[in-house]
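Below is one structure, written out as structure tokens, with a few remarks after it.
The values are calculated or read from the model by the stated rules, or taken from the named source; none is laboratory data. Source: prediction; values computed, not measured. FYI the Cβ positions are ideal-geometry reconstructions off the backbone, even for glycines, and counts take in every protein chain you see. Keep in mind that these areas ignore ligands, DNA and RNA; they rest on the heavy atoms of the full protein, side chains included. Shrake-Rupley method; radii C 1.70, N 1.55, O 1.52, S 1.80 Å.
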Amino acid sequence: MWCRRLVCLLRVPRQPSRSSGHRSPWLPRDSRTILGARWHHTAPESLKCAWQLHRDHLELRYADTLMRFDFVWLRDHCRSASCYNTKTNQRSLDTASVDLGIKPQAVRVDETTLFLTWPDGHVTRYGLEWLVKNSYEGQKQRVMHPRILWNADIYRQAQVPSVDCQSFLETDEGLKEFLQNFLLYGIAFVENVTPTKEDTEILAKRVSLIRETIYGRMWYFTSDFSRGDTAYTKLALDRHTDTTYFQEPCGIQVFHCLKHEGTGGRTLLVDGFHAAEQVLRRVPDHFELLSKVPLKHEYVENVGGCHNHMIGVGPVLNVYPWNNELYLIRYNNYDRAVINTVPYDVVHRWYAAHRTLTAELRRPENELWVKLKPGKALFVDNWRVLHGREAFTGYRQLCGCYLTRDDVLNTARLLGLQA
């Protein structure tokens with residue numbers, strides 16, 4: 001691939017005469033630069049690193065990655081002492097002060113470092129490994145959040161251990177094991193928790209700030225229909241993600257069953273990313289449609305003293321645009337509002353795509369059923385894993401809360417995990 005690219009760049013056709021006023025139709029727009037350009041190598045005998053200066057960017061090949069860097073980008077990201085504060089890890093350079101037509105006066109590359117000298121004499125140095133990691137081309141090849149996609153059999157065979165409450169609360173090792181499980185699978189369990197709302201709150205605060213919502217900080221409910229929500233009944237709940245009607249859905253949900261005197265009530269868990277991956281593999285056009293069509297979700301409540309009208313907007317599948325990595329699924333058929341953000345000639349195709357995803361989410365082999373019991377707390381990645389419930393009888397008490405996603409990921413990074 002690299003050799004073909006190099007040959008293509010170095011092919012030089014006969015230039016038209018100045019008097020003709022025409023440019024050969026197949027010449028690239030940047031042909032004036034390419035025609036006179038030459039590839040440079042760190043050493044004549046080595047092709048590990050090569051670079052070429054173009055009219056408005058630098059092209060660099062290193063570690064089997066072909067990268068292109070805009071000159072303004074190269075000046076803006078300078079890590080010299082006058083441009084970047086290494087104590088605060090913040091930029092000191094005023095980006096708006098950089099000339100948009102800036103070009104380096106000199107370029108030099110050794111085995112590990114790129115050196116750029118700018119018109120004012122300032123020298124910028126970049127490690128080649130840093131450039132690979134932080135280039136657009138490098139990011140396209142990287143995964144932001146490593147995960148293990150699962151169905152019920154995959155999860156059971158993995159025998160993911162629960163973490164003991166004492167280890168979770170008192171040791172970094174226990175906390176790190178819990179967070180590693182959570183990051184990889186989107187769910188994690190803590191055992192031997194004292195079955196009270198207060199102890200559940202202590203558990204939650206170990207990893208994050210608790211996110212206060214219209215349901216309060218720590219919610220506590222029975223099947224008394226005290227809120228205008230199907231969750232406050234004994235009815236079965238189909239798989240869904242929560243708070244789709246928030247502009248930013250809650251990131252993590254904590255469940256702890258404090259008491260259940262009756263039958264039924266098992267919790268259903270489905271890896272939404274696994275289902276979406278199957279859609280991408282089998283019907284990529286449906287995946288693309290679900291990632292681009294914006295929908296409204298809505299929650300209207302007028303029960304007792306609770307009066308709320310929430311609206312959240314976004315596609316069912318949310319992906320990072322540079323590498324198409326899925327990071328959020330917003331799926332809740334209960335709370336989806338009127339579809340009035342989609343033209344008529346797209347609606348039917350969207351329904352077909354939604355049906356494809358729903359069929360994957362409802363495959364029995366994708367359903368992990370768990371019986372929550374006092375002392376066993378469950379953490380769910382609400383941006384990834386759908387949850388539901390079978391109908392139940394008797395008296396059932398649950399407590400829990402929502403956590404701020406940023407703080408959970410912050411805790412994980414501080415423990416050395418990729419998050």
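If I histogram all Cα-Cα distances within the chain using bins 20 Å wide from 0, what percent of pairs lands in each bin?
21, 42, 28, 8, 0
What are the chymotrypsin sites (Phe, Trp or Tyr not before Pro) within segment 330-409 that DSSP puts in a loop, where the Cβ has at most 15 other Cβ atoms within 10 Å? Mind showing how you got there, number by number?
Values: sites: Tyr331, Tyr334, Tyr344, Trp350, Tyr351, Trp369, Phe379, Trp383, Phe392, Tyr395, Tyr402; in loops: Tyr331, Tyr334, Trp383.
Hits after loop and neighbour filter: Tyr334.
Take the alpha-carbon centre of segment 165-218, take the same for segment 379-419, and report the distance between them in whole Å.
Answer, in whole Å: 8.
Heavy atoms only, 1.4 Å probe, whole protein assembly: order Leu328, Leu415 by accessible area, highest first.
Working: Leu328 10, Leu415 40 Å².
Final ranking, largest accessible area leading: Leu415, Leu328.
Can you pull the percent of the chain's accessible area that's carbon plus sulfur, 1.4 Å probe, other chains left in place? All intermediate terms of the calculation are to be shown ahead of the outcome.
Working: 11010 of 21610 Å².
The computed percentage sits at 51.
Just list whichever of Lys176/Lys371; Lys140/Lys376; Lys205/Lys371 have alpha carbons separated by over 32 Å in the model shown.
Numbers: Lys176/Lys371 25 Å; Lys140/Lys376 39 Å; Lys205/Lys371 24 Å.
Pairs exceeding 32 Å: Lys140/Lys376.
Of the chymotrypsin sites (Phe, Trp or Tyr not before Pro) in segment 171-225, which ones lie in a loop per DSSP and count no more than 15 other C-beta atoms within 10 Å? Working shown, then result.
Numbers: sites: Phe178, Phe182, Tyr185, Phe189, Tyr215, Trp219, Tyr220, Phe221, Phe225; in loops: Tyr215, Phe225.
Taking segment 171-225 and a limit of 15 other Cβ atoms within 10 Å, the loop chymotrypsin sites (Phe, Trp or Tyr not before Pro) found are Phe225.
Measuring with a 1.4 Å probe in the full set of protein chains, what accessible area per residue, in whole Å², belongs to the chain? Walk me through the numbers on the way to the answer.
On the way: 21610 Å² over 419 residues.
That works out to 52 Å² per residue.
Rank Met144, Val123, Val107 by how far each Cα sits towards the positive end of the charge dipole of segment 75-170 (+1 on Lys, Arg Cβ; -1 on Asp, Glu Cβ) and give me just the farthest.
Selected residue: Val107.
Running a GNM on the chain with Cα contacts under 10 Å, which residue among Arg355, Arg79, Arg336 ends up with the highest mean-square fluctuation?
The residue with the greatest mean-square fluctuation here is Arg79.
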